[in-house]
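Step one of this worksheet: look at the structure below.
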Amino acid sequence: MNGAKVQNRGIDHYFASEHNFCQLFSEAIGELNELHWAPLKIIQMSARFLAYKPGVRILDIGSGPGKFCLAGAYYQPEALFFGVEQRQYLVDEGMMANEALGGLAVDLLCKNFTQLNFGEFDAFFFYNSFFENLPGAGKIDETLSYSKELYDYYSYYLNRKFSVMPAGTRIVTYCSWEDEIPSGYRAVETHMDGLLKFWIREPGSQNP
Ligand SMILES: C[S@@+](CC[C@H](N)C(=O)[O-])C[C@H]1O[C@@H](n2cnc3c(N)ncnc32)[C@H](O)[C@@H]1O
């Protein structure tokens with residue numbers, strides 16, 4: 001993928017279909033799209049909900065090659081998109097795709113989400129990032145050790161991080177079992193038979 005190719009086609013081309021978007025990535029990363037990267041339609045709906053004010057800072061927890069951030073920044077250009085991802089090669093793919101797109105308002109960090117200060121963000125997207133730890137679940141690669149204990153640990157850790165966020169914090173969950181959502185958040189919209197949920201932290205809710 002190179003920038004000249006994108007310039008010739010214009011960036012709208014890449015957001016016209018899943019197939020076109022995957023042309024931004026290497027073949028191997030594009031092949032993981034169906035199972036591991038959120039669909040463009042889901043991203044468009046989610047980004048609209050999360051980008052509730054200009055300059056809002058939105059974090060994708062487990063951002064893969066940055067599909068949510070790149071498409072989110074295309075659909076909501078007044079918001080700032082951040083991704084945290086544990087695999088360096090996925091971060092590199094995402095940063096290259098962003099360069100090819102001309103530099104959308106996206107920053108991808110290679111870290112474990114446990115290392116981030118969530119206080120720097122206003123809103124969050126979460127596409128069941130810990131699921132691959134469960135036995136039988138599809139894996140992105142074989143470079144990591146997976147276990148149910150790690151799933152439980154990460155889900156609990158994320159739940160605790162969300163529990164200290166202020167009233168008004170917005171979260172979108174996609175394909176989640178909601179283990180990571182603490183009390184005090186209300187599901188204000190549900191789509192796709194419950195697969196996609198939009199949450200807002202209620203005013204006056206206690207940190208349990
Ligand atoms: C299902 S993919 C979702 C990718 C992206 N959010 C999207 O919707 O297209 C989950 C990603 O989370 C990453 N991940 C899992 N656990 C993580 C952790 N503890 N810290 C950072 N990234 C993590 C995985 O490496 C994987 O790339």
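Using only protein heavy atoms and a 1.4 Å probe, report how much of residue 61 is accessible, in Å² to the nearest 10.
0 Å²
Return the distance in nm (one decimal) between the two label points of a simple spin-label model at residue 28 and residue 190, each offset 7 Å from Cα along Cα→Cβ.
4.0 nm
I need the phi-derived Karplus couplings for the stretch 118-123: 6.51 cos²θ - 1.76 cosθ + 1.60, θ = phi - 60°, integer Hz, Gly and Pro marked x.
5, x, 7, 10, 9, 7
How much of the accessible area of the chain, in percent, comes from carbon and sulfur atoms when a 1.4 Å probe is used? Numbers along the way, then the final one.
On the way: 4970 of 9810 Å².
Carbon-and-sulfur percentage of accessible area, whole number: 51.
Assuming 0.36 nm per residue, please report the length gained on full extension of the stretch residue 137 to residue 9 beyond their Cα-Cα distance. The partial results should precede the final answer.
On the way: separation 128, 0.36 × 128 = 46.08 nm, distance 3.71 nm.
Gain on stretching residue 137 to residue 9: 42.4 nm.
Determine the calculated [θ] at 222 nm for the chain from helices alone, applying -39500 (n - 2.57) to every DSSP H run no shorter than 4 residues and normalising by the residue count; nearest 500 deg cm²/dmol. Walk me through the numbers before you get to the answer.
On the way: 8 runs with 69 residues, N = 208.
Counting only the DSSP helices, I get -9000 deg cm²/dmol.
Just to be sure I understand: of the beta bridges DSSP finds with both ends in the chain, what percent are antiparallel, rounded to 5? Provide the component values of the computation, followed by the final result.
Working: 11 of 29 bridges.
That works out to approximately 40 percent antiparallel.
Search the structure for amide H atoms under 5 Å from the amide H of residue 180, placed 1.01 Å from N in the peptide plane, and list their residues when 5 or more places away or on another chain.
Those lying under 5 Å, H to H, from residue 180: there are none.
Calculate, for the chain, the solvent-accessible area per residue in square angstrom, rolling a 1.4 angstrom probe over the heavy atoms of the protein chains.
Values: 9810 Å² over 208 residues.
I get 47 Å² per residue for this part.
For 114, 169, 190, write out the residues from largest to smallest accessible area, computed with a 1.4 angstrom probe and no ligands counted. It would help to have the intermediate numbers written out before the result.
Numbers: 114 30, 169 5, 190 80 Å².
Descending accessible area places them as 190, 114, 169.
The values are calculated or read from the model by the stated rules, or taken from the named source; none is laboratory data. Computed from a predicted model, the values in this text were never measured in an experiment. Here the Cβ is made from the backbone with ideal geometry for all residues, glycine too, and neighbour counts use every protein chain on show. Just so you know, the surface numbers come from the protein's heavy atoms only, side chains and all, with ligands and any DNA or RNA stripped out. Shrake-Rupley method; radii C 1.70, N 1.55, O 1.52, S 1.80 Å.
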